[in-house]
1. I'd like the full set of residues that are touching a residue at least 12 places away in the same chain (Cβ under 8 Å) and either of a type outside the set (Lys, Arg) or closer than 20 Å to Phe143 by Cα (or both), limited to the range 104-114.
2. Scan the range 93-107 for residues that are in a helix (DSSP H, G or I) and open to solvent by less than 40 Å² (accessible area, probe 1.4 Å) and jot them down.
3. Within the range 163-217, restricting attention to residues that are at positive phi and at pLDDT 95 or above, which residue is most open to solvent (accessible area, probe 1.4 Å)?
4. Mind checking which pairs have a first residue in the range 152-167 that is part of a strand (DSSP E or B) and a second that is open to solvent by less than 10 Å² (accessible area, probe 1.4 Å) and of a type in the set (Phe, Trp, Tyr), Cβ under 8 Å, 6 or more apart or different chains?
5. Of everything in the range 211-227, what is in a loop (DSSP other than H, G, I, E, B) and either in contact (Cβ under 8 Å) with a residue 24 or more places away in the chain or touching a Phe, Trp or Tyr at 6+ places or on another chain (Cβ under 7 Å) (or both)? Give them in sequence order.
6. Go through the range 54-64 and report how many residues are open to solvent by 10 Å² or more (accessible area, probe 1.4 Å) and within 20 Å of Val149 (Cα to Cα).
7. For residues that are buried (at least 17 other Cβ atoms within 10 Å of the Cβ) and either free of Cβ contacts under 8 Å to residues at least 24 places away in the same chain or under 10 Å from Val51 (Cβ atoms) (or both), tally how many sit in the range 18-28.
8. Looking at the range 108-142, which of its residues are of a type in the set (S, T, N, Q) and either open to solvent by 60 Å² or more (accessible area, probe 1.4 Å) or not in a helix (DSSP H, G or I) (or both)?
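The values are calculated or read from the model by the stated rules, or taken from the named source; none is laboratory data. For clarity, every value in this text was computed on a predicted model and none was experimentally measured. Backbone-built Cβ (ideal geometry, glycine too); neighbour counts: all protein chains shown. Surface accessibility is based on the protein's heavy atoms, side chains included, excluding ligands, DNA and RNA. Shrake-Rupley method; radii C 1.70, N 1.55, O 1.52, S 1.80 Å.
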Amino acid sequence: MLDRTLLYEILAKHGLSLDDSAFKRLDSFSDILVKTNESFNLTAITEPKDVTVKHFADSLILYKYVDFPKGAKIIDVGTGAGFPGLVLLLSRPDLKMTFLDSTRKKLGFIQSVTDSMGVSAEILHARAEDAGQNREYRERFDFAAARAVSNLTDLSEYCLPFVRKGGVFISMKSAEAEDEIKAAQKAIKLLGGETEKDILFDLVEEMPRRIILIKKKSQTPTQYPRPSAKIAKNPLK
C-alpha cells in the first residue's frame, strides 16, 4: 500500500531514514487501515501516494524536530486512526505509547493493529478533559501529541495537563496557524507551558506544515482541564 520509494525520498530529504522491519510494519498498518476503512470511516485519504505523504511521512517527520529518548512515555490525544502515535510506535517499538480517544471503535482498530504487529501500547477510552483530571494520567507523560484536532488554545488545555514538568506538548498544525498560535500564548502560560519552537517547513513541495513545541515549565493549575462545555463556552484568554 505505501509507496516505499516516495516515503524514503521524503525522509532522506529531511535527513531521516527507516529500516526495513519498521517499513514492513508501517506498510502492514496502511493495508489494514485501507481495508478497515471500507466498512468503518477512519480516513478520507485512501490513495497510496496521499496515504504515504499525508499520514505516514507527516507523522515520521516528528523525528526530525523532536528527540524521543528510548522508552519515552507519549500520549496521543484524540488519536483517531493512530496518527501520529501508531506510526511512531511501529517505527520505534521501544516507545511507551498511550492512545487516547473518545470513540471506542477507533481504539478497537488501533488495538487490532498493535496486536497483529506484536507491539504493546495502552488504549485509553476517555475524553481528554476527564483523563487529564485523573491522577493516573495527569502530568505522567514525557510528551503529549495532537494532530490538528482543535484550535491551539483549547488543545493546550486538553493536552498540557498530561505532560510532566520538563516534558513537551507537540501540536501538529497546518501552515496557516499564525493567528491561532499568537492567540494561544496567554492560555499556554496559564497552563504551565511556554512555546519553545514554532517550526514551519515544507513536507514535500507546495505542502507547508507546522509543528509547535510547547515546553512544560510548571504544574498545570488543578482546575484545568475544565469540562468540554466550559472550554467551548469560555475559552482561555
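1. Across the range 104-114, the qualifying residues are Leu107, Phe109, Ile110, Gln111, Ser112, Val113, Thr114.
2. Leu107
3. Gly166
4. Val163/Phe141; Val163/Phe169; Arg164/Phe141; Gly167/Phe141
5. The first filter runs over the range 211-227 and keeps only residues in a loop (DSSP other than H, G, I, E, B), leaving 217-227.
Correct list: Lys217, Ser218, Gln219, Thr220, Pro221, Tyr224, Pro225, Arg226, Pro227.
6. 2
7. Total satisfying the criteria: 1.
8. Gln111, Ser116, Ser120, Gln133, Asn134
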